[in-house]
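Trainee: Starting off with a structure, shown below.
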């Protein structure tokens, strides 16, 4: 969870992919470059469905991804000469199934599945394209849901879940994931390989869990998606304050999950939170890429469509949830900001009350830090400082730069400039984000040496 976050205009890559995908089915001649762009767009859109369908048949996520990649290689070889087929998703699935049959035959494995796949392929070849589409689309919701829960299985580390989710469900390459998280490509590749091996070794079933296990696993799924969003919303390290591409991927995954689990309140809650936060991405940086904090943002730049979508999702969370969960509560807090026409119009009393509920139901030091900020805005900096000082004494956030940034802000408001400067300097030392470090150093310098 980030401190009183901000987040905005998303979907640029998604919209461009849709434009290219629309060209895929066009009968107009396409250049080689256009064909490769079309293949890239198709892969982004279809790869999760393709991998999910193959994993359902083979019960092996690693093998499913490998066969899907094989189908992509064939497309890269054939489509520039033959043209993009009318139904590229079905083409890729049929090609991947052929590869699956060849693999099973070569290794003499699972003869029964071999026969089943042969019959399925022959049947598809004999049917019309519309029937193939229906056959592919019919089970795809369940397949995607199984893939999401498999990629986010607790047997994997958090880092492995994130990498595997972005690879299998986001269609991102290892290089793209590595650049997004500022880690070596080899590290990401190792995480993905080890994750797939771990799933195979643990014999993780390709299925949606039930009962209490579903609740536990859903928490893991939501946590992975929100972690991806947060890394895009406020980058942990590097020279960029935000990475909209990661926010976009998380939003897409959230929307897919809502479509697959439409009656789960926390799924709606997470989507609501991300939609509202993402509405502010465009306002979070100035023309030089420097951070703009929430209270200083130009609210005319907030994306009203995303805000409306977020508020609708929040209504669904409340409708299905009764007692709101942690994501829906955070979404309700974000909604308070979204509804305020100006920063001064923000309902800080309600925000403080919502944080109190969140702290009671889902206690954590970071929630307490957020509550301190809300209390300071509602009742004055002394009220917030009391909570922050208790967190400092507790020591749980000793390496969390935002603890000291908040304390510096409160001390500055109380006129305790010298103390505030020390806190901002400490926060600047702890953060790994270059833009954030520069902002904190500037705030420290602005405090001067006053007492």
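The values are calculated or read from the model by the stated rules, or taken from the named source; none is laboratory data. Note that this is a predicted model, so its numbers are computed, not measured. Cβ sites come from the backbone with ideal geometry, for glycine too, and all protein chains shown count toward neighbours.
Trainee: In the list 69, 23, which residue meets the criterion of being surrounded by fewer than 20 Cβ atoms within 10 Å (Cβ to Cβ), modelled with pLDDT of 55 or more, out of contact with any strand residue (DSSP E or B) (no Cβ under 9 Å at 6 or more places or on another chain) and more than 30 Å from residue 272 (Cβ to Cβ)?
Mentor: After applying the criteria, what remains is 69.
Trainee: Condition (residue is part of a helix (DSSP H, G or I) and in contact (Cβ under 8 Å) with a residue 60 or more places away in the chain) applied to segment 351-366: is it met by at least one residue?
Mentor: Within segment 351-366, one or more residues are part of a helix (DSSP H, G or I) and in contact (Cβ under 8 Å) with a residue 60 or more places away in the chain.
Trainee: Quickly run through segment 197-216 and pick out the residues that are under 30 Å from residue 326 (Cβ atoms) and in contact with a helix residue (DSSP H, G or I) (Cβ under 9 Å, 6 or more places away or on another chain).
Mentor: Those that are under 30 Å from residue 326 (Cβ atoms) and in contact with a helix residue (DSSP H, G or I) (Cβ under 9 Å, 6 or more places away or on another chain): 198, 199, 204, 205, 206, 207, 208, 209, 214.
Trainee: Got at least one residue in segment 402-413 being closer than 25 Å to residue 438 by Cβ, over 33 Å from the mean Cα position of the chain (by Cα) and surrounded by fewer than 20 Cβ atoms within 10 Å (Cβ to Cβ)?
Mentor: yes
Trainee: Same structure, new question: Among the numbered conditions (1) closer than 30 Å to residue 438 by Cβ; (2) in contact (Cβ under 8 Å) with a residue 60 or more places away in the chain; (3) crowded, with 20+ Cβ neighbours inside 10 Å, tell me where residue 289 comes up short.
Mentor: So the condition that residue 289 fails would be (3).
Trainee: Does residue 448 fit the bill of being exposed (fewer than 14 other Cβ atoms within 10 Å of the Cβ), modelled with pLDDT under 95 and in contact with a helix residue (DSSP H, G or I) (Cβ under 9 Å, 6 or more places away or on another chain)?
Mentor: Against the criterion (exposed (fewer than 14 other Cβ atoms within 10 Å of the Cβ), modelled with pLDDT under 95 and in contact with a helix residue (DSSP H, G or I) (Cβ under 9 Å, 6 or more places away or on another chain)), residue 448 qualifies.
Trainee: Now for a separate question. Of the residues 300, 328, only one is in contact with a helix residue (DSSP H, G or I) (Cβ under 7 Å, 6 or more places away or on another chain) and either in a helix (DSSP H, G or I) or modelled with pLDDT under 95 (or both); which?
Mentor: Among 300, 328, only 328 is in contact with a helix residue (DSSP H, G or I) (Cβ under 7 Å, 6 or more places away or on another chain) and either in a helix (DSSP H, G or I) or modelled with pLDDT under 95 (or both).
Trainee: Quick one: residue 183 ticks every box in (1) modelled with pLDDT under 90; (2) over 29 Å from residue 88 (Cα atoms); (3) part of a helix (DSSP H, G or I) except a single one, so which number is it?
Mentor: (3)
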